[in-house]
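Participant: One structure, as structure tokens, below. Some questions next.
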Amino acid sequence: MADRNTIFEEQAEVLASARHPGDQFIMRVRAPRIAAAARPGQFVHLRVSEERAMRRPISIMLTDPARGTVDLLVKAIGAGTRLLRERRAGESIAMLGPIGRPFDLSGRDRRYVLIGGGVGIPPMIFAADRLADKGECVVFAGSEVEFPFALKPSTMLLPGVGGNAILSIASLEERGIPCRLASNAGLYGCFDGHVPDLAGAYLSALDEGERGRCVLLSCGPHPMLHAVARLGRRHGLPTYLSLEEHMACGIGGCAGCVVMTDEGGQRRYRRVCVDGPVFDADVLPEFA
């Protein structure tokens, strides 16, 4: 990781936890040091209970540095995340963070195309939040279960996007951030198909100059990331992927989450937790 001594350990106070369809829940915690330091693409490592020593990596969805809060979207798919779902307001959780190499959002002349799937949506919401007043972005989100956000019809037209794709995440719409949704589950108001195909329709409808300004940022399951990498190559666009991997220590000590990279013709093993989770798609042979 480029910067050292930036990971904090806090006893994060649970402020609220709201359940949503599909075993999803959104948890808000108070963790002031993590909230102040976190950047889009980074994650926290949580100890779900005193009985379970192994922590769980969870992407950061939003922070409010002024209030010291961190929002997390979690899907309860195993014993650990099911225990986390049972935590209530007033309880505390041992939390390490922020961890990892974040997305680079410094290109002020760029249009960031943010593509998230499932529990890979939170880093895209975080990135959009940081770009809202400083840069240009559009968000495409995909899910096979009901979205755990308030939705509303969008008033912002997007090239190449029509038909049933009318809904947006309300919090993004209200801040003037264009957004559209995709699903293979027949959800109302969503593009019928995979979210990379929705983003591809948008990119193909742009003129060459506008398309050339785009940078693709994505997080989600590996098949989706493969599709986003192909989309970026097809249009010759910079593409950055946030990888989801099983982790043990989460801070680079165990090397249990390595991924192979090709950097200048040299194959290396990089740790997803601290050398990533964000990687340039061009250095990942798996996504070539």
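Participant: Using the eigenvalues of the Cα gyration tensor, what equivalent ellipsoid semi-axes result for the range 74-138 when each is taken as the square root of five times the eigenvalue, whole Å, largest first? Working shown, then result.
Facilitator: Working: eigenvalues 186, 38, 23 Å².
Semi-axes from the Cα gyration tensor: 30, 14, 11 Å.
Participant: Obtain the nm distance between the two label points defined at ALA255 and ASP192 by a simple spin-label model: each point lies 7 Å from its Cα along the Cα-to-C-beta direction.
Facilitator: About 5.1 nm separates the two model spin labels.
Participant: Quick one: order SER106, SER204 by neighbouring beta-carbon count within 10 Å, fewest to most. Walk me through the numbers on the way to the answer.
Facilitator: Values: SER106 8, SER204 13.
Least to most surrounded, the residues fall as SER106, SER204.
Participant: Suppose R0 equals 22 Å. What FRET efficiency, 1/(1 + (r/R0)^6) with r the Cβ-Cβ distance, do ASP280 and ARG67 give to the nearest 0.05? Don't skip to the answer; put the middle values down first.
Facilitator: Values: r = 34 Å, r/R0 = 1.53.
Efficiency at R0 = 22 Å is approximately 0.05.
Participant: If you don't mind, there's one more thing I want to ask. Give me THR6, THR155, THR69 ranked fewest to most by other Cβ atoms within 10 Å of their Cβ, as a rough exposure proxy.
Facilitator: On the way: THR6 15, THR155 10, THR69 20.
Ranked by crowding around the Cβ, least crowded first: THR155, THR6, THR69.
Participant: Ok, one more. Between ARG268 and LEU15, what length in nm is gained on full extension when 0.36 nm per residue of separation is reduced by their alpha carbon distance? Write out the running numbers ahead of the final one.
Facilitator: Numbers: separation 253, 0.36 × 253 = 91.08 nm, distance 4.17 nm.
Gain on stretching ARG268 to LEU15: 86.9 nm.
Participant: Calculated from DSSP H runs of 4 or more alone, at -39500 (n - 2.57) each and per residue, what is the 222 nm mean residue ellipticity of the chain, nearest 500? Could the numbers behind the result be given before it?
Facilitator: Details: 7 runs with 58 residues, N = 288.
Rounded to the nearest 500, it is -5500 deg cm²/dmol.
Participant: Given the C-alpha centroids of the range 62-95 and the range 18-60, what is the distance between them in whole angstrom?
Facilitator: 4
Participant: Treat each spin label as a single point 7 Å out from the Cα along the C-beta direction, and report the SER49 to HIS246 distance in nm.
Facilitator: With each label placed 7 Å out from Cα toward Cβ, I get 2.0 nm.
Participant: List the residue ranges in the chain for DSSP H helices whose C-alpha atoms run 18 angstrom or more along the long axis and whose Kyte-Doolittle average is -1.0 or above. Walk me through the numbers before you get to the answer.
Facilitator: Details: long enough: 222-235 (20 Å, -0.56).
Qualifying helices, which must be both long enough and hydrophobic enough, are 222-235.
Participant: Can you tell me what share of the DSSP beta bridges in the range 111-244 is antiparallel? A percent to the nearest 5 is fine. Walk me through the intermediate numbers first.
Facilitator: Numbers: 3 of 26 bridges.
Expressed as a percentage, antiparallel bridges in the range 111-244 total about 10.
Participant: If you compute P(r) over Cα pairs in 10 Å bins from 0, in percent for the structure shown, which of (i) 6, 26, 33, 23, 10, 2, 0; (ii) 6, 26, 30, 20, 12, 5, 1; (iii) 7, 29, 37, 22, 5, 0 do you land on?
Facilitator: (iii)
Participant: Starting from 0.36 nm per residue, how many nanometres of slack lie between ALA79 and GLU146 once their C-alpha separation is accounted for? Show your work: numbers first, answer last.
Facilitator: Details: separation 67, 0.36 × 67 = 24.12 nm, distance 2.21 nm.
Extra length available between ALA79 and GLU146 comes to 21.9 nm.
Participant: I've got another one for you. Determine the percent antiparallel among the DSSP beta bridges restricted to the chain, to the nearest 5.
Facilitator: On the way: 44 of 68 bridges.
If we restrict to bridges inside the chain, about 65 percent are antiparallel.
Participant: Moving on. In nm, what is the difference between 0.36 nm times the number of residues separating HIS226 and ASP207 and their Cα-Cα distance?
Facilitator: Between HIS226 and ASP207, full extension yields an extra 4.4 nm.
Participant: What residues of the range 75-99 lie in the reach of a label at ASP23, counting those whose backbone N is under 16 Å from a point 7 Å from the Cα along Cα→Cβ?
Facilitator: Taking a point 7 Å out along Cα→Cβ of ASP23, the residues of the range 75-99 whose backbone N falls under 16 Å are 75-87.
Computed from the coordinates by the stated procedures, all read-outs in this text should not be read as laboratory data. Note that the structure is a prediction, hence the values are computed from the model and not measured. Here the Cβ is made from the backbone with ideal geometry for all residues, glycine too, and neighbour counts use every protein chain on show.
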